[in-house]
Amino acid sequence: MIALLFDVHGNLAALERVVEDARAAGADRWLVGGDVSAFGPWPEETLAALRDLPDARWLRGNHERWAVEGDDVPPMPLAQGGVAATREALGPETVRELYGLPLWQPLPGGEAWHGSPAGDTAGFLPEPQDDEAALLRGRTPALLVAGHTHLQMRRDVVRPDGGTTTVVNPGSVGLPFDGDPRAAYALLADDGTVELRRVAYDTARTVEAQLARWGDAEWARQVATTYPTGVPAPQPALD
């Protein structure tokens, strides 16, 4: 059984509870779906904990890419500040190593991408979108696992060829955006069935660590408000 761990975002407290829950449920393999360290109070420790997982495969997320391709970082204080802080915390060697991670991984019955085959910031939403078939970029897996939006979901997408792809977003381990602050992940059985799971963790511990680690940085305070609510702070653009 594979535990699907996406968008951990440096939240070690959430990751520890998810790994504990997944192991108790029978997980013996792991997929680390990108956006490992950015925004959270424990970027180095979270990366180390994920590296300690046996039989794990990894994907590159947009934050691993943005740490190198800085011109692509959106002009918002949260993105700019969080990427810069994480880049400095991890150091150039680790940043380059994470940048070289694969863009996709095969799975039983399908495949996994950070956002979608169309790109690491092009994600599926819980409600169908008019142009979402284009996110598949001509690929025809029966199952597509993708994250990025921090919104846990499972639904079918009709492809241009008339077939159907089941899209699963395991949700965000470390920074959910769906109004439920519990850590989100999923389990993929060998027969291709997927179970979406939520796990409560000590959000107060993460808030305290966030403020202690990053001090008065506005981007860090914005992230801290999301941990106990599961609701992202509004993001004004930079002037």
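Each reported figure results from applying straightforward, stated rules to the coordinates on display, with no laboratory input. Since the structure is predicted, the reported quantities are computational estimates derived from the model, not experimental observations. Cβ atoms come from the backbone with ideal geometry, glycine included; neighbour counts cover every protein chain shown.
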Estimated distance in nm for a label pair at residue 25 and residue 68, the labels positioned 7 Å out from Cα along Cα-to-Cβ = 3.2
What share of the DSSP beta bridges in the chain is antiparallel, in percent to the nearest 5?
-> 60
Summing Lys, Arg as +1 and Asp, Glu as -1, what charge do residues with Cβ under 10 Å from the Cβ of residue 202 carry, residue 202 excluded?
-> 0
Helix 12-24 versus the longest principal axis of the chain: what angle, 0 to 90°, nearest 10, using Cα atoms?
-> 30
Pull out the extension gain between residue 229 and residue 211, defined as 0.36 nm times the separation in residues minus the alpha carbon to alpha carbon distance; nm, one decimal.
-> 4.8 nm
Could you give the semi-axes, largest first, of the ellipsoid that matches region 104-187, computed as the square roots of 5 times the alpha carbon gyration tensor eigenvalues and rounded to whole Å?
-> 21, 13, 11
Length gained when the stretch residue 180-residue 218 is fully extended (0.36 nm per residue, less Cα-Cα span) = 11.4 nm
How far apart, in nm, are the 7 Å Cα→Cβ label points at residue 191 and residue 155?
-> 2.7
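Run the helix sum for the chain: -39,500 (n - 2.57) per DSSP H stretch of 4+ residues, divided by residue count, reported at 222 nm to the nearest 500 deg cm²/dmol. Present the calculation step by step, with values, prior to reporting the outcome.
Details: 7 runs with 70 residues, N = 239.
Calculated from helices alone, the mean residue ellipticity at 222 nm is -8500 deg cm²/dmol.
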Could you check the simple spin-label distance between residue 140 and residue 76, using points 7 Å along Cα→Cβ, in nm with one decimal?
-> 3.6
